[in-house]
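Below: one structure, written as structure tokens.
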């Protein structure tokens with residue numbers, strides 16, 4: 001029983017990381033209708049930048065804060081300099097190819113700067129693992145759970161309790177109508193990309209102390225984030241969290257009992273089966289899919 005609980009808990013932790021990636025993708029999609037697969041690349045880039053900051057002498061939590069600020073601003077710059085000009089020339093229908101190219105470019109940058117060696121970082125806080133109901137819990141895993149909870153709570157309050165959140169929801173629902181009533185949709189778009197950068201930094205900086213990351217793991221997080229976002233419903237923050245947790249648990253269970261390669265196959269089969277029954281995903285809106 002304790003072994004099964006250990007697998008379940010590990011899946012939940014992985015799912016929290018996938019959820020952070022998916023939340024960033026869903027935010028950008030809801031404001032721009034662009035599926036930003038490059039989000040997975042920025043997760044690994046944030047992780048390796050955090051490791052380098054730690055090696056330069058910064059405390060892990062300080063390195064996390066620097067990464068959050070830097071990647072928030074950096075993703076806004078990516079929108080301004082890459083995504084938006086490409087969308088004007090190609091239209092949103094071809095932007096998936098643009099983001100795939102950007103994902104590959106980030107992977108190449110990682111290879112040039114950090115090489116092909118795997119990297120890991122220091123945990124945010126020290127301490128021995130805690131045993132709860134027979135499950136060994138590392139302090140860094142608790143940090144991952146807490147960071148997801150705080151990020152989702154803060155984002156929910158932003159979207160539902162602030163004037164900025166009202167303009168973001170209006171832009172997500174009807175961008176043309178929002179512009180007619182004076183909403184600066186370009187500003188809203190920049191904020192959405194900045195928030196996605198924060199989510200990428202949270203995911204990368206929090207997971208690198210408990211795993212090894214290198215240049216070619218960008219695709220892993222891009223695919224996992226995309227599947228989680230689609231499972232939950234593209235454009236839904238709550239759906240992204242639910243999809244990420246479901247993906248993490250399913251992958252952990254099948255990896256433990258059938259092998260990692262079969263777990264990937266099962267994940268895709270479950271995704272296809274769900275979309276046949278609910279094309280909008282678990283929490284997505286049917287009218288959004290039709291549009």
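The values are calculated or read from the model by the stated rules, or taken from the named source; none is laboratory data. Source: prediction; values computed, not measured. Positions of Cβ are generated from backbone atoms using ideal geometry, with glycine treated the same way; all protein chains shown enter the neighbour counts.
Could we say that residue 113 is within 30 Å of residue 6 (Cβ to Cβ) and either out of contact with any helix residue (DSSP H, G or I) (no Cβ under 8 Å at 6 or more places or on another chain) or surrounded by 12 or more Cβ atoms within 10 Å (Cβ to Cβ) (or both) here? Considered against the rule, which asks whether it is within 30 Å of residue 6 (Cβ to Cβ) and either out of contact with any helix residue (DSSP H, G or I) (no Cβ under 8 Å at 6 or more places or on another chain) or surrounded by 12 or more Cβ atoms within 10 Å (Cβ to Cβ) (or both), residue 113 comes out as no.
Only a single item in (1) surrounded by fewer than 24 Cβ atoms within 10 Å (Cβ to Cβ); (2) touching a residue at least 40 places away in the same chain (Cβ under 8 Å); (3) assigned to a helix (DSSP H, G or I) is not met by residue 3, and it is number (2). Going through (1) under 19 Å from residue 207 (Cβ atoms); (2) at pLDDT 95 or above; (3) surrounded by 13 or more Cβ atoms within 10 Å (Cβ to Cβ) one by one, residue 136 falls short only on (2). Listed by position, the helices (runs of 4 or more DSSP H) inside the range 148-261 whose residues that are over 30 Å from residue 117 (Cα atoms), touching a helix residue (DSSP H, G or I) at 6+ places or on another chain (Cβ under 9 Å) and without any contact (Cβ under 8 Å) to a residue 12 or more places away in the chain number at least 1 are 163-173, 175-180, 185-207. For the structure I just gave you, tell me whether residue 105 is part of a helix (DSSP H, G or I), surrounded by 24 or more Cβ atoms within 10 Å (Cβ to Cβ) and under 20 Å from the mean Cα position of the chain (by Cα). Against the criterion (part of a helix (DSSP H, G or I), surrounded by 24 or more Cβ atoms within 10 Å (Cβ to Cβ) and under 20 Å from the mean Cα position of the chain (by Cα)), residue 105 does not qualify.
All but one of (1) modelled with pLDDT of 95 or more; (2) assigned to a helix (DSSP H, G or I); (3) touching a helix residue (DSSP H, G or I) at 6+ places or on another chain (Cβ under 8 Å) hold for residue 86; which doesn't? Condition not satisfied by residue 86: (1). Under the condition of being on the phi < 0 side of the Ramachandran plot, surrounded by fewer than 18 Cβ atoms within 10 Å (Cβ to Cβ) and modelled with pLDDT under 85, the residues counted in the range 240-259 number 3. Taking the criterion of being in contact (Cβ under 8 Å) with a residue 12 or more places away in the chain and not in a helix (DSSP H, G or I), the residues of the range 25-65 that qualify are 33, 34, 35, 36, 37, 38. Filtering the range 61-88 to residues that are buried (at least 20 other Cβ atoms within 10 Å of the Cβ) and over 26 Å from residue 99 (Cβ atoms) leaves only 63.
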